[in-house]
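To start, the structure itself, in structure tokens.
The values are calculated or read from the model by the stated rules, or taken from the named source; none is laboratory data. Remember, predicted model here, so these are calculated numbers, not experimental data. All Cβ positions, even for glycine, are placed from backbone atoms using ideal geometry, and neighbour counts span all protein chains on display. All accessible areas refer to the heavy atoms of the entire protein, side chains included, with ligands and DNA or RNA removed. Shrake-Rupley method; radii C 1.70, N 1.55, O 1.52, S 1.80 Å.
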Amino acid sequence: MSGYNFAYLDEQTKRMIRRAILKALAIPGYQVPFASREMPMPYGWGTGGVQVSAAVLTPEDRFKVIDQGADDTTNAVSIRRFFERTAGIATTTATRDATVIQTRHRIPEEPLREGQILVYQVPIPEPLRFLEPRESETRKMHSLAEYGLMHVKLYEDISRHGHIATTYAYPVKVEERYVMDPSPIPKFDNPKLSDCAAIQLFGAGREQRIYALPPYTTVASLDFDDHPFDPSRADHPCGLCGSVETYLDEVIMDDAGGRMFVCSDTDHCETRQNAGYRGKDAG
Amino acid sequence: MTPLLSVQGMTRSYGNHLGCSDVSFDLYPGEVMGIVGESGSGKSTLLNCLAGHLTPDAGSVIYDTRGHGPRDTVTMSEPERRMLGRTDWAFVHQRASDGLRMGVSAGGNVGERLMAIGNRHYGDIRGHAIDWLDRVEIDAGRIDDRPVTFSGGMQQRLQIARNLVTGPRLVFMDEPTGGLDVSVQARLLDLLRGLVRDMGLSAIIVTHDLAVVRLLADRLMVMKSGRVVEHGLTDRVLDDPQHAYTQLLVSSVLQV
Ligand SMILES: [Zn+2]
């Protein structure tokens, strides 16, 4: 892929995206429109996140990509390779070593630190879309902070299931102002959005929106007084590292229906195992 | 007594076509005003200007707000006007689907305005929804059903419940019984009359159906070609019409 500019995008496009990012950081939770570019990959592969990463990466960065918590899925590997080739940057699977982390569907278990940037791939940035399809109306609702509709969605959940059944893309309110879709992360990760030391950037390619949380932003998950937000977690320790604090994936072990629960964050799980922690299913 | 609503010089045109022209009237607390006329008479344009859905070319709509007394809703800020629209005002559309969220349960429809003004207690919201379903004669057992499963009359009653749950003082109604069977209309009119009385509501009802205003309206305005040609107490206007056009309307010569 020689002949491309650093990180694929031309400098003018990167400047345009950076301006959108700066505006997004200045108005936490507000969706900033940007002119999304064609990228050499399908939209479903996170072109919004890729463009944001391309705009913030520098030659000194160390880049990590996770997909559902894992570094080794096709999606994660392709994006990591894309930037290895187009930017020649170093990559890593270790959360603590990475300076820029692009993610789909998870926030790393290890607390992020100042200086790190977490880039989310966002399919649908508009949290109000579910009940109000008109873009003109959702824009007005955001500008006037008319968010009763978000609670209608949660009300419907409780009336149907007895509890708030939304488990992914659980809506949040940023600094008591903008309601934001945190992308399809599990609600388990929602508390990590708040008061985070890292910069959090959200890129939606097809929908052409960027939004952001600057470090140490207060982010609250929407709920009712009598149905408070619950970042529930499967009631098992990790089978490999024994952690009782992480988000777990259920893995089918064999044809006999054997299954185990393991950390979805593979780097975190391996780091713990290397430090000597063992779960009941560890070999 | 301060009028709840004082309308002055309300004018709105569409290019060369006149919507309504120089309409003025006062509405007092607890009073129901009927506006009748043929389609194209400007009555719907007038209603939408009054309710803030259309911006008038000229005129003012002075509303006696709870917090700050009489205010011109035409010139107040949009957030204030929208807040008024979902708290102290209500708007009942002819087509229930225009006034309901068809993909949301009956309870969610009734609860939306409560949530919009900050109620964050599910049990409390649900209690209000059950109470209001009862008041509009919908079985509380239907609270989790979507309005698409309701009959036309039930949908219209649900729309009314959704609008009245915040205890508004002023209700705008656009042909509230239009499109319903006659027997369903009668039941809805009885219900509306009871609610207006019990809650002391003020209302502005636009309709082409003289039976509706006969039953609900204290006063009547007759519109033709964007202008009010006659107004007065409902019984007086209907029993002793002065304007030639009103006489035609009342004699049912006009198919309105
Ligand atoms: Zn583990």
Looking only at segment A:254-262, decide whether some residue is open to solvent by 50 Å² or more (accessible area, probe 1.4 Å) and outside any loop (DSSP other than H, G, I, E, B). yes
Of the candidates A:T47, A:T73, the one satisfying the condition of being open to solvent by 10 Å² or more (accessible area, probe 1.4 Å) and under 21 Å from the mean Cα position of the chain (by Cα) is A:T73
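For (1) open to solvent by less than 80 Å² (accessible area, probe 1.4 Å); (2) in a helix (DSSP H, G or I); (3) polar (S, T, N, Q), each residue gets a yes or a no:
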| residue | (1), (2), (3) |
| --- | --- |
| B:R187 | no, yes, no |
| B:L195 | yes, yes, no |
| B:A203 | yes, no, no |
| B:R214 | no, yes, no |
| B:E230 | yes, no, no |
| B:V237 | yes, yes, no |
| B:Y245 | yes, yes, no |
| B:L248 | yes, yes, no |
What's the total number of residues in segment B:114-140 that are in contact with a His (Cβ under 8 Å, 6 or more places away or on another chain) and at the interface with chain A (Cβ under 7 Å from one of its Cβ atoms)? 3
Taking B:R113, is it in contact (Cβ under 8 Å) with a residue 40 or more places away in the chain and in a helix (DSSP H, G or I)? yes
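Which members of segment A:181-211 meet the condition of being assigned to a strand (DSSP E or B) and either farther than 12 Å from A:V32 by Cβ or open to solvent by 10 Å² or more (accessible area, probe 1.4 Å) (or both)?
A:P186, A:I199, A:Q200, A:R209
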Filtering segment B:85-113 down to residues that are within 15 Å of the chain's Cα centre (by Cα) and open to solvent by less than 30 Å² (accessible area, probe 1.4 Å), which residue is nearest to the other protein chains (Cβ to nearest Cβ)? B:L100
Restricting attention to segment B:65-83, the residues that are touching a Leu at 6+ places or on another chain (Cβ under 9 Å) and open to solvent by less than 40 Å² (accessible area, probe 1.4 Å) number exactly 3
Show the residue pairs meeting these rules: Cβ distance below 7 Å; 6+ apart or different chains; first residue within segment A:259-277 and closer than 15 Å to A:Q68 by Cβ; second residue within 7 Å of the ligand (Cβ to nearest atom) and of a type in the set (V, I, T). A:C263/A:T246; A:D265/A:T246; A:H268/A:T246; A:C269/A:V262
Which one of B:I160, B:I138, B:I125 is assigned to a loop (DSSP other than H, G, I, E, B) and open to solvent by less than 40 Å² (accessible area, probe 1.4 Å)? B:I138
Positions within segment B:49-60 being surrounded by 18 or more Cβ atoms within 10 Å (Cβ to Cβ) and either farther than 21 Å from A:K140 by Cβ or over 17 Å from the mean Cα position of the chain (by Cα) (or both), in sequence order: B:P56, B:G59
Any idea which of B:M76, B:M33, B:M102 is in a loop (DSSP other than H, G, I, E, B), touching a residue at least 40 places away in the same chain (Cβ under 8 Å) and aliphatic (A, V, I, L, M)? B:M102
For segment A:1-34, the count of residues that are in a loop (DSSP other than H, G, I, E, B) and closer than 27 Å to A:E175 by Cα equals 6
Can you say whether B:I143 is more than 23 Å from the chain's Cα centre (by Cα), surrounded by fewer than 22 Cβ atoms within 10 Å (Cβ to Cβ) and facing chain A (nearest Cβ under 8 Å), as far as the supplied structure shows? yes
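Residues checked against (1) over 14 Å from B:A96 (Cβ atoms); (2) without any contact (Cβ under 8 Å) to a residue 60 or more places away in the chain:
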residue: B:P147; (1), (2): no, yes
residue: B:P168; (1), (2): yes, no
residue: B:G178; (1), (2): no, no
residue: B:G200; (1), (2): yes, no
Any residue at all in segment A:224-246 that is in a strand (DSSP E or B), away from the ligand (no atom under 16 Å from the Cβ), within 14 Å of chain B (Cβ to nearest Cβ) and in contact with a Leu (Cβ under 9 Å, 6 or more places away or on another chain)? yes
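For segment A:146-159, does any single residue satisfy the condition of being outside any helix (DSSP H, G or I) and under 24 Å from the mean Cα position of the chain (by Cα)?
Scanning segment A:146-159 turns up at least one residue that is outside any helix (DSSP H, G or I) and under 24 Å from the mean Cα position of the chain (by Cα).
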Sole exception among (1) assigned to a loop (DSSP other than H, G, I, E, B); (2) surrounded by fewer than 22 Cβ atoms within 10 Å (Cβ to Cβ); (3) touching a helix residue (DSSP H, G or I) at 6+ places or on another chain (Cβ under 8 Å) for A:P108, by number: (2)
Of the residues B:S60, B:S44, B:S39, which is under 12 Å from B:Q8 (Cβ atoms) and either in a helix (DSSP H, G or I) or among the hydroxyl-bearing types (S, T, Y) (or both)? B:S60
Any idea which residue in segment B:79-88 is nearest to A:L128 (Cα to Cα), counting only those that are in contact with a helix residue (DSSP H, G or I) (Cβ under 9 Å, 6 or more places away or on another chain) and outside any helix (DSSP H, G or I)? B:R86
Any residue that is outside any helix (DSSP H, G or I) and modelled with pLDDT under 95 - is there at least one of those in segment A:44-52? yes
Go through segment A:164-178 and give me each residue that's closer than 18 Å to A:D225 by Cα and either modelled with pLDDT of 95 or more or open to solvent by less than 30 Å² (accessible area, probe 1.4 Å) (or both). A:I164, A:T166, A:Y170, A:P171, A:V172, A:K173, A:E176
Scan segment A:193-215 and tell me whether some residue there is closer than 19 Å to A:V122 by Cβ and within 14 Å of chain B (Cβ to nearest Cβ). no
Given the conditions (1) within 11 Å of the ligand (Cβ to nearest atom); (2) touching a strand residue (DSSP E or B) at 6+ places or on another chain (Cβ under 9 Å); (3) farther than 17 Å from A:T95 by Cα, report the number of the one that A:K280 does not fulfil. (1)
Selection count, segment A:263-277, where residues are open to solvent by 50 Å² or more (accessible area, probe 1.4 Å), in a loop (DSSP other than H, G, I, E, B) and within 10 Å of the ligand (Cβ to nearest atom): 1
